[in-house]
Amino acid sequence: MASLSIPGVEDPDETGLSAPVCRTVTPDGDVLLLVPGDSAAARAAAHAQDDDLAAVMEITDVAPVSVPHRIRGRAWVAGWLTPVRNEQRAEAAMLLAERHPVGELLGIGEALQPEPAPGLHGRTAWMMLRLEVGEGAVDDLWGAEQVEPDEFATAAPDPLAAHEAELLQHLHAAHTQQVRGLCALLGDRRELCGVRDRAVPVGLDRFGLRVRFTDAEQRSFDARFDFPEPVRDVAELRRAMHLLFEAAAE
């Protein structure tokens, strides 16, 4: 979930300046955003002078499972916002459509017009914006940390990201006892797990699994279980999960 804010520009809907319909990162590390052409963000970018419109995108990482306190972390990317112009528009549209080939992007041809034009179902056309990253920050289970533009540009998407929700739901539905049994690997914190504790997998990436343990009094804590080595696909994930479950059962 992402929201865009521009210092000094008011959002008449008070929803965050037109939360991007979709976003992606270019090979150079810029962020491409697709927003409604009649949004406050699109108007501000179109009328900015000298391409110096400062903007901040806040990304909220929400667990795709039903648990209290679902927010797993937040990230901020700050930089300078400009419309995608001229010959860059077709290239940007193709990149967005390649990575998000559904929903509003079906009308992306409308967004390639020089000026906003009526889109599908009478809606205003979409506008593509480019956020040139100047700095970033992450605040999650491991603490808060700054992210340099070069680090942001070279970061690779997690190979499990597209499947995370489905995989977490499967683990919770089909492997409840095995997930709960992972408390055996907690060392000194093992004593925090009671007989009736509930264990819900709330995060999964190539490095490991995050589980939330909740007791009968609704007190909870999150624990991270790292894989022996990063996984590259779902097949390697299955092997890594079997190793975790086997280690907990010993």
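The values are calculated or read from the model by the stated rules, or taken from the named source; none is laboratory data. Given the structure is predicted, the values throughout are model-derived calculations rather than measurements. Don't worry about glycine lacking a Cβ; one is built from the backbone with ideal geometry, like all the others, and counts go over all protein chains shown. To get the accessible areas, we keep the full protein, side chains included, count just its heavy atoms, and leave off ligands, DNA and RNA. Shrake-Rupley method; radii C 1.70, N 1.55, O 1.52, S 1.80 Å.
Odds and ends about this structure:
- Test for VAL35: is it part of a strand (DSSP E or B), more than 29 Å from VAL202 (Cα to Cα) and at pLDDT below 90: yes
- In segment 206-250, the residues that are of a type in the set (Lys, Arg) and within 22 Å of the chain's Cα centre (by Cα): ARG206, ARG210, ARG212, ARG224, ARG232
- Inter-residue pairs, beta-carbon under 7 Å, first closer than 9 Å to LEU96 by Cβ and hydrophobic (A, V, I, L, M, F, W, C) and in segment 21-34, second in a loop (DSSP other than H, G, I, E, B) and at pLDDT 90 or above, 6+ apart: LEU32/THR26
- Members of segment 197-221 that are assigned to a strand (DSSP E or B) and either open to solvent by 10 Å² or more (accessible area, probe 1.4 Å) or closer than 14 Å to ASP158 by Cβ (or both): ARG198, GLY203, LEU204, ASP205, GLY208, LEU209, ARG210, ARG212, THR214, SER220, PHE221
- Residue count, segment 27-57 (criterion: under 15 Å from LEU4 (Cα atoms), of a type in the set (A, V, I, L, M) and open to solvent by 30 Å² or more (accessible area, probe 1.4 Å)): 2
- Residues of segment 156-188 satisfying the condition of being in a loop (DSSP other than H, G, I, E, B) and either at pLDDT 90 or above or surrounded by 14 or more Cβ atoms within 10 Å (Cβ to Cβ) (or both): ASP158, PRO159, LEU160, HIS175, LEU186
- The lone exception for THR24 - which of (1) modelled with pLDDT under 90; (2) not in a strand (DSSP E or B) it fails: (2)
- Some residue of segment 11-19 being at pLDDT 85 or above, surrounded by 15 or more Cβ atoms within 10 Å (Cβ to Cβ) and not polar (S, T, N, Q): no
- Complete set of residues in segment 240-250 that are loosely packed, with under 12 Cβ neighbours inside 10 Å and under 16 Å from HIS170 (Cα atoms): HIS242
- Residue tally, condition more than 13 Å from LEU182 (Cβ to Cβ) and either outside any helix (DSSP H, G or I) or open to solvent by less than 30 Å² (accessible area, probe 1.4 Å) (or both), over segment 222-235: 6
- Test: residue in segment 220-229 that is farther than 20 Å from ARG70 by Cβ, out of contact with any His (no Cβ under 8 Å at 6 or more places or on another chain) and of a type in the set (Asp, Glu): yes
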